[in-house]
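Let me begin by presenting the structure, written as structure tokens, before commenting on it.
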Amino acid sequence: GDSVTQMEGPVTLSEEAFLTINCTYTATGYPSLFWYVQYPGEGLQLLLKATKADDKGSNKGFEATYRKETTSFHLEKGSVQVSDSAVYFCALSEGSNYQLIWGAGTKLIIKP
Amino acid sequence: NAGVTQTPKFQVLKTGQSMTLQCAQDMNHNSMYWYRQDPGMGLRLIYYSASEGTTDKGEVPNGYNVSRLNKREFSLRLESAAPSQTSVYFCASGRAPPGGGYTFGSGTRLTVV
């Protein structure tokens, strides 16, 4: 079945460092891909999405490119801030399936 | 525009007690979902409703029941709470199918003692 694999956390970086959180997937068809962010004590928020190969989703300085050849959707940001500290979830949806398939989440800690 | 509203935000139950978690959305979404989130376990789907009048089991439905009251509201009921149901519960809604992603509520933190 479909699955999503994320790099394990926590990921600890200093402020202004470059961020990459890896996400790879397995799917039988052509899924849509998502990144969600969960700040402490809050629900999940959609951060960005991409619906077809080579699409780039972007929001709040974060970017991710849908790479079908490597079945990846890595999250990147050029210069992180303390306020980016959160848990980041990668997810996919495929076809008419009503359920999103979730990665386990990656906790990001940014130190001043 | 409130999005997805969950009540209550916090609840403590004694083992064997029952309660209903309420969820309402004002985005005219067809599909609604209940998840639980436990440390180190990620998100696990309890039940979902693809459209008004339908409900289906997710990954961990045992011990729970749901009602899709109308298009806006989707409630989760614990008939006889157990300590294993201590968790944070999230409701979400989305278009059907979820090509646009979900909108989540802010969660209910439930402790069963």
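Side notes on the structure shown:
- For segment A:54-85, taking the residues that are within 18 Å of A:Thr5 (Cα to Cα) and among the hydrophobic types (A, V, I, L, M, F, W, C), the one that is surrounded by the fewest Cβ atoms within 10 Å (Cβ to Cβ) is identified as A:Leu75.
- Selection of segment B:75-113 for residues being within 13 Å of chain A (Cβ to nearest Cβ) and in a strand (DSSP E or B) yields B:Val88, B:Tyr89, B:Phe90, B:Cys91, B:Ala92, B:Ser93, B:Gly94, B:Tyr102, B:Thr103, B:Phe104, B:Thr108, B:Arg109.
- Of all residues in segment B:58-80, those being touching a residue at least 24 places away in the same chain (Cβ under 8 Å), under 19 Å from B:Gly105 (Cα atoms) and among the polar types (S, T, N, Q) number 1.
- Scope segment A:98-112; condition within 18 Å of A:Tyr66 (Cβ to Cβ) and either assigned to a loop (DSSP other than H, G, I, E, B) or of a type in the set (Lys, Arg) (or both); matching residues: A:Leu100, A:Gly103
- Among residues of segment A:14-37 that are without any contact (Cβ under 8 Å) to a residue 60 or more places away in the chain, those with a beta-carbon under 6 Å from a residue that is among the aromatic types (Phe, Trp, Tyr) and assigned to a strand (DSSP E or B) at least six positions away or on a different chain give the pairs A:Tyr36/A:Phe89; A:Val37/A:Tyr88.
- Taken together, the residues in segment A:6-59 that are part of a strand (DSSP E or B), within 22 Å of B:Tyr33 (Cα to Cα) and either more than 14 Å from chain B (Cβ to nearest Cβ) or polar (S, T, N, Q) (or both) amount to 3.
- Scanning segment B:60-102 for residues that are crowded, with 19+ Cβ neighbours inside 10 Å and hydroxyl-bearing (Ser, Thr, Tyr) yields B:Tyr64, B:Ser87, B:Tyr89, B:Ser93, B:Tyr102.
- Every pair of residues 6+ apart whose Cβ atoms lie under 7 Å, when the first sits in segment A:81-100 and is within 11 Å of another protein chain (Cβ to nearest Cβ) while the second is of a type in the set (Lys, Arg): A:Val87/A:Lys107
- Residues within segment A:60-83 that are over 16 Å from A:Leu13 (Cα atoms), outside any strand (DSSP E or B) and small (Gly, Ala, Ser), tallied: 1
- Residue in segment A:84-93 that is assigned to a loop (DSSP other than H, G, I, E, B) and over 22 Å from B:Ser51 (Cβ atoms) present: yes
- Residue within segment B:58-70 that is touching a Gly at 6+ places or on another chain (Cβ under 6 Å), on the phi < 0 side of the Ramachandran plot and small (Gly, Ala, Ser) present: no
- Some residue of segment B:47-57 being in contact (Cβ under 8 Å) with a residue 24 or more places away in the chain, under 27 Å from A:Leu48 (Cα atoms), within 10 Å of chain A (Cβ to nearest Cβ) and within 11 Å of the chain's Cα centre (by Cα): yes
- Some residue of segment B:19-26 being within 14 Å of chain A (Cβ to nearest Cβ), out of contact with any Asp or Glu (no Cβ under 7 Å at 6 or more places or on another chain), among the hydroxyl-bearing types (Ser, Thr, Tyr) and under 18 Å from B:Gly105 (Cβ atoms): no
- Enumeration of residues in segment A:7-27 that are under 23 Å from B:Gly42 (Cα atoms) and either modelled with pLDDT under 95 or of a type outside the set (A, V, I, L, M, F, W, C) (or both): A:Met7, A:Glu8, A:Gly9, A:Pro10, A:Thr12, A:Thr20, A:Asn22, A:Thr24, A:Tyr25, A:Thr26, A:Ala27
The values are calculated or read from the model by the stated rules, or taken from the named source; none is laboratory data. Please read all numbers here as calculations on a predicted model, not as lab measurements. Using ideal geometry, Cβ is built from the backbone for each residue, glycine included, and neighbour counts are taken over all protein chains shown.
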